[in-house]
1. Could you check Cys68 against (1) surrounded by fewer than 17 Cβ atoms within 10 Å (Cβ to Cβ); (2) without any contact (Cβ under 8 Å) to a residue 24 or more places away in the chain and say which number it fails?
2. Being touching a Gly at 6+ places or on another chain (Cβ under 9 Å), exposed (fewer than 15 other Cβ atoms within 10 Å of the Cβ), under 22 Å from Cys56 (Cβ atoms) and of a type in the set (A, V, I, L, M) is the filter here, so list the residues in region 117-176 that pass it.
3. Would you confirm whether any residue within region 64-86 is part of a helix (DSSP H, G or I), within 19 Å of the chain's Cα centre (by Cα) and under 28 Å from Leu160 (Cα atoms)?
4. Hey, can you tell me all the residues within region 157-203 that are of a type in the set (A, V, I, L, M) and in a helix (DSSP H, G or I)?
5. Do you know which residues across region 40-63 are outside any loop (DSSP other than H, G, I, E, B) and touching a helix residue (DSSP H, G or I) at 6+ places or on another chain (Cβ under 6 Å)?
6. Test each condition in (1) in a loop (DSSP other than H, G, I, E, B); (2) touching a residue at least 12 places away in the same chain (Cβ under 8 Å) for Gly152 and report the one that comes out false.
7. Looking at the structure I just gave you, is Asp57 within 30 Å of Ile81 (Cα to Cα), free of Cβ contacts under 8 Å to residues at least 24 places away in the same chain and open to solvent by 80 Å² or more (accessible area, probe 1.4 Å)?
8. Would region 105-124 turn up any residue that is under 19 Å from Gly78 (Cα atoms), hydrophobic (A, V, I, L, M, F, W, C) and assigned to a helix (DSSP H, G or I)?
Amino acid sequence: MYEGPIQDLIDQLAKLPGLGPKGAQRIAFHLLAGEKTEIDRLTAALVKVRDDVTFCDECGNIAADRLCRICGDSRRDGTKICVVEEPKDIYAIERTREFDGRYHVLGGALDPLSGVGPDQLRIRELLKRLAEQSDGSVVSEIIVATDPNTEGEATATYLLRMLRDFPGLSVTRLASGLPMGGDLEFADELTLGRALSGRRVLA
């Protein structure tokens, strides 16, 4: 245990995801050894995040205004909505440059053991978006891009049940399977099974 403010800083840093006590201690002592201006810049950035960052009224993405840059872009295809768990998932998909539609952030995945049910996610907002469709675009496809784990699969199944009655709406799921450059012998049974069931015609 260290004296006063340093221990307080270590305790707060250790609460961040991916940082344990050792990592928190390294960062705390790095800041202590650095220039005061470095701490000032970090403090200013944290204050700006706290005070200025909001969430998009439409999709739930991180935004600096009422709408995020994606929802505010008229060039995006309003007929496709990709449903993700967290804002960070949007940026992973955007890096592919393969999707030109819009997004909807759920704010997590169904996890009854942790007390996360449908009411804790932004599912109601998604249904409302589909019912109103006020921007003139008729949504024809919902792409479910939740994580390929137990919680993500449960969320995808629940969404399918909620969305199947919307007329003319196609609900798709991101394909999952073998990574590029991987060897079959190292693939686990679940991944290989998904690859087989999601196979596509080549010719």
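The values are calculated or read from the model by the stated rules, or taken from the named source; none is laboratory data. Quick caveat: nothing in here was measured; it's all calculated off a predicted structure. Glycine also receives a Cβ, built like all others from the backbone with ideal geometry; neighbour counts cover every protein chain displayed. The protein model used for the area step is the full one, side chains on, heavy atoms only, and it has no ligands, DNA or RNA in it. Shrake-Rupley method; radii C 1.70, N 1.55, O 1.52, S 1.80 Å.
1. (1)
2. Passing the criteria: only Val138.
3. The answer is no; no qualifying residue exists.
4. Leu159, Leu160, Met162, Leu163, Leu184, Leu190, Leu192, Ala195, Leu196
5. Ile62
6. Checking Gly152 against (1) in a loop (DSSP other than H, G, I, E, B); (2) touching a residue at least 12 places away in the same chain (Cβ under 8 Å), the one that fails is (1).
7. Judged against the criteria, Asp57 is a match.
8. Within region 105-124, one or more residues are under 19 Å from Gly78 (Cα atoms), hydrophobic (A, V, I, L, M, F, W, C) and assigned to a helix (DSSP H, G or I).
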